[in-house]
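For reference, the structure is listed below as structure tokens.
The values are calculated or read from the model by the stated rules, or taken from the named source; none is laboratory data. Fair warning: this is a prediction, and the values are worked out from it, not measured in the lab. Positions of Cβ are backbone-derived with ideal geometry, glycine not excepted, and every protein chain shown enters the neighbour counts. Only protein heavy atoms, including side chains, enter the accessible area calculation; ligands, DNA and RNA are left aside. Shrake-Rupley method; radii C 1.70, N 1.55, O 1.52, S 1.80 Å.
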Amino acid sequence: MLAALGGFVCRHARGVLVATAVFLAAAVGVVLRGGRLTAGEIDGLEAGMAEQRTEAVTGVSSMATAVAVFTFPEPASREASSAEIERALAPLRTDPRVRALSTPATAAPPIRERMIDARGTTGYALISFAGSFPDAVAAYPAVHASVVSDRAQLTWTGQVPFQHDLDAMLERDLIHAEAIALPIALLVLLLVFRSAVAAVLPVAVGGLAVLGGIACVLALSHVMRIASYTVNVASLIGLGVAIDYSLFTVSRYREELAAGHAPHEAIVRTMQTAGRVVAFSGLAVATGLFGLLVFRGSYLVSMGLGGAIVVALAVLFALTFLPALLVVLGPRIDRGRIPLRRLMPMRGRLLGRLNWVIDHPWRVLIPTALILIVMAVPAFHLRLATVDETVLPPTAEARRGQGMLEATFPDLARNRISVAIEFPSAPALTATRIGALYDLSRRIARIPGVVKVESLVDAPLPLDRAAYQRLLLAPPPQFADVIEAGKAELVRDRTLLLYVQTDLPPDSDGARAIVAAIRTDRTVADGALVVGGQTANDVDATEFILAYSPHAVAFVIIATLIILYVTFRSVVLPVKAVLLNMLSIGAAFGATVWVFQEGNLFVAHGRPLDPTVPILLFCILFGLSMDYHVLVLSRIREAYLQSHDNARAVAAGLARSAGLVTSAAAIMVTVFASFALARFVVIRSVGFGMALAVALDATLVRVLLVPSAMKLLGDWNWWAPRWLPHLRRARRATI
């Protein structure tokens, strides 16, 4: 089939190039239009249910609410500061993009007194956006620009400003990473090919695949939820695999030309050999990414889909657009010769080193495996938490605004755990239910770490259970307005709200213990409670990831075993490849935890990893590692079929594939390491983990573990039980 595709491209090369140009123009248009990216969300979590019930009571979404902090240069009266805040926000009163405003002049009496500090130098207002969270993020820049004050400095914070600043940082990180990766990848390709034309082609294909992948992700964001950093992850994956696949193709094509074949024949032969490996590699990487589809109802599904799309484009362009360019170029592929030394060591020297490894397999296998196992140990101390303002640089507006709130309005800035209580019938306030709410509030207040409980039964006055029942059901005239304002904020129909404040960080064990303690008894009279807030969301997201991860891991491993069996017709080789994969991935993940969670090397302050990182690293790296295994094992299998001498075949196959595999790994490490320089910790940790895993695969695993393990297994490497379905001998395909 690939030979037929090669023939088709040869006959219609210019048509393929025109079609690619049309696709490129469309992709540019989609990218310029932009997308509707959102935060990482997971459906069905208890914290999400609590957020929905809270929104039903308050009429606004905390996710779609921003805080505008007003800082005055000189102390002023509360009335003057309030008037200036009201004047600055006046344009938003009639803005259809704003659902509600809460200012020091319009908030409920218990709240408005706390919205300006005692000196009148700092105040804040709450701006709730209309529509969904992506709508709020899209509207934020214009709304932000419309609020202007001559007397105060404005600083915005909250989830919407945080997402806006995060998107801006991700865009800068993407441009910065590609500006580093592409020139260095080009340099590596110049060292490999020693020809300017040959070196430029893989970079061009990589850029095309990434642009197309980003365009597809942005287009999908208009019809499904796409997390904002999906674009960066797709770019990271696409750039690495597209350049590698093009490297395989161009390298084989030049070999065929050097062997005396005509350009068209060289294309067909390249497609039969390198094209087959490219197709398999793309299938392996996509299979790993498809493991993310197991996480139904979460943003991981869109990340897996986006990653698979960019990998598919990388394969497509490597098998169509690139061969079409090669047809047009013909022998001119070697133009621009550069007098550089070869990047790879001489095959004879490498063969000698491999022979030593093969002659001493136990002395190599055991210490090398122990090194990787020790590197993996920190992974057992993994902690997960979603990102917050602290991942932004100190200069980011959302982070500065959060710091101002922490310094001036600690009650607002504290970690708040929300509790939503739903009863089977309305009204929510009856004597029995008020008494149960009183008991719940006092139980929560006794939990270690709780600073304050905010509810209808937590007034500043020391009242007992019966007094609250009387006060809320038949309020005295002098307190009626205040009580009704409190009810408007905390109760509606059959739902009651309660808030818990703690000084413990949202990702701390203490804060998680508070959530767990509240959830130990969910019964409130005849109703039940659910718990929300950032800490609860972290707990629920972690449990969700851990619950589905075994299914994703099993899917990826089983699919990979099947693909490898079909490719090599051996049961032992696939199992060995999976075990070696687990060693290198485990080591890379352990190192990632040690650096980013425990705060070592270039990370000054560690923090728990984002729930995305572990499973994303596994799914991507498992497919990428198969890439190198297939390249190496294809060469080894070819040598074994010729000599039926396992030791000689291992040494010869590794030596023959060394140059290409090392070049491909160097490019992968370069691309991934450039993303490890990003400011956003999720992209940094993923880029670091992937760069390290590929480096370990190309060195310790390929040079030491593979030959020593295959020597010890001997002819068992090629064993398969007779009861397995007989497979027609496939054509030999190496690169």
Review point. Is it the case that the stretch 541-556 has a residue that's of a type in the set (G, A, S), assigned to a helix (DSSP H, G or I) and open to solvent by 40 Å² or more (accessible area, probe 1.4 Å)?
Key: yes
Practice item. Within the stretch 505-561, track down each residue that is without any contact (Cβ under 8 Å) to a residue 12 or more places away in the chain, of a type outside the set (G, A, S) and closer than 27 Å to A308 by Cα. Key: E543, L546, P550, I558
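Which residues, taken from the stretch 418-455, are part of a loop (DSSP other than H, G, I, E, B), of a type in the set (S, T, Y), touching a Ser or Thr at 6+ places or on another chain (Cβ under 6 Å) and touching a residue at least 60 places away in the same chain (Cβ under 8 Å)?
none
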Check your understanding: For the subset of the stretch 313-343 comprising residues that are crowded, with 16+ Cβ neighbours inside 10 Å and farther than 30 Å from A215 by Cβ, which member is modelled with the highest pLDDT?
Key -> D334
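Among the candidates L405, L365, L412, single out the residue that is open to solvent by less than 50 Å² (accessible area, probe 1.4 Å), of a type in the set (A, V, I, L, M, F, W, C) and more than 23 Å from G586 (Cα to Cα).
Details: L365 fails: more than 23 Å from G586 (Cα to Cα); L412 fails: open to solvent by less than 50 Å² (accessible area, probe 1.4 Å).
Only one candidate qualifies: L405.
Can you work out which of the residues in the stretch 90-134 that are more than 28 Å from I226 (Cβ to Cβ) and basic (K, R) is most open to solvent (accessible area, probe 1.4 Å)?
Step one: list which residues in the stretch 90-134 are more than 28 Å from I226 (Cβ to Cβ), which gives 90-94, 101-125.
Subsequent filtering for residues that are basic (K, R) retains 93, 112, 114, 119.
Values: R93: 111, R112: 80, R114: 110, R119: 143 Å².
Residue satisfying both the conditions and the ranking: R119.
Residue-by-condition table, conditions (1) modelled with pLDDT under 90; (2) within 27 Å of L37 (Cβ to Cβ); (3) out of contact with any strand residue (DSSP E or B) (no Cβ under 7 Å at 6 or more places or on another chain); (4) not acidic (D, E):
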position	(1), (2), (3), (4)
P96	no, yes, yes, yes
A100	yes, yes, no, yes
P109	yes, no, yes, yes
A118	yes, no, yes, yes
F129	no, yes, no, yes
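Based on what the data block shows, is G15 over 25 Å from the mean Cα position of the chain (by Cα) and not charged (D, E, K, R)? Lay out the reasoning, then the answer.
Working: over 25 Å from the mean Cα position of the chain (by Cα): yes; not charged (D, E, K, R): yes.
Yes; evaluated as a whole, the condition is true for this residue.
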Exercise for review: State all residues of the stretch 257-270 that are in a helix (DSSP H, G or I) and either out of contact with any Lys or Arg (no Cβ under 9 Å at 6 or more places or on another chain) or open to solvent by 10 Å² or more (accessible area, probe 1.4 Å) (or both); if no residue qualifies, say none.
Suggested key: L257, A258, P263, H264, E265, I267, V268, R269
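So how many residues does the stretch 230-252 have that are open to solvent by less than 10 Å² (accessible area, probe 1.4 Å) and either closer than 14 Å to L189 by Cβ or basic (K, R) (or both)?
11
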Check your understanding: Quick one: S508 ticks every box in (1) hydroxyl-bearing (S, T, Y); (2) touching a Leu at 6+ places or on another chain (Cβ under 9 Å); (3) modelled with pLDDT under 90 bar one, so which box is it?
Key -> (2)
Check your understanding: Given the structure, is G29 at pLDDT below 85 and over 30 Å from A547 (Cβ atoms)?
Key -> no
Practice item. Taking only the stretch 364-408 into account, find how many residues are in a helix (DSSP H, G or I), more than 19 Å from the chain's Cα centre (by Cα) and small (G, A, S). Key: 6
Exercise for review: Would you point out the residue of the stretch 627-652, among those that are of a type in the set (S, T, Y) and under 37 Å from the mean Cα position of the chain (by Cα), that is modelled with the highest pLDDT?
Suggested key: S634
**Study point:** In the stretch 190-209, the residues that are touching a Ser or Thr at 6+ places or on another chain (Cβ under 8 Å) and either open to solvent by less than 10 Å² (accessible area, probe 1.4 Å) or aromatic (F, W, Y) (or both)
**Key:** F193, P202, V205, G206
Practice item. Identify all residues within the stretch 564-609 that are open to solvent by 10 Å² or more (accessible area, probe 1.4 Å) and under 15 Å from M690 (Cβ atoms); write none if there are none. Key: I585, G586, F589, A591
Check your understanding: Name the pairs: first residue in the stretch 20-48 and assigned to a helix (DSSP H, G or I) and of a type in the set (D, E, K, R), second residue open to solvent by less than 50 Å² (accessible area, probe 1.4 Å) and modelled with pLDDT of 90 or more, Cβ to Cβ under 6 Å, at least 6 apart or on different chains?
Key -> E46/V530; E46/D540
Review point. Among the residues of the stretch 630-639, is there at least one that is among the acidic types (D, E), open to solvent by 10 Å² or more (accessible area, probe 1.4 Å) and within 17 Å of L564 (Cβ to Cβ)?
Key: yes
Review point. Mind checking whether some residue in the stretch 346-362 is at pLDDT below 90 and not in a helix (DSSP H, G or I)?
Key: yes
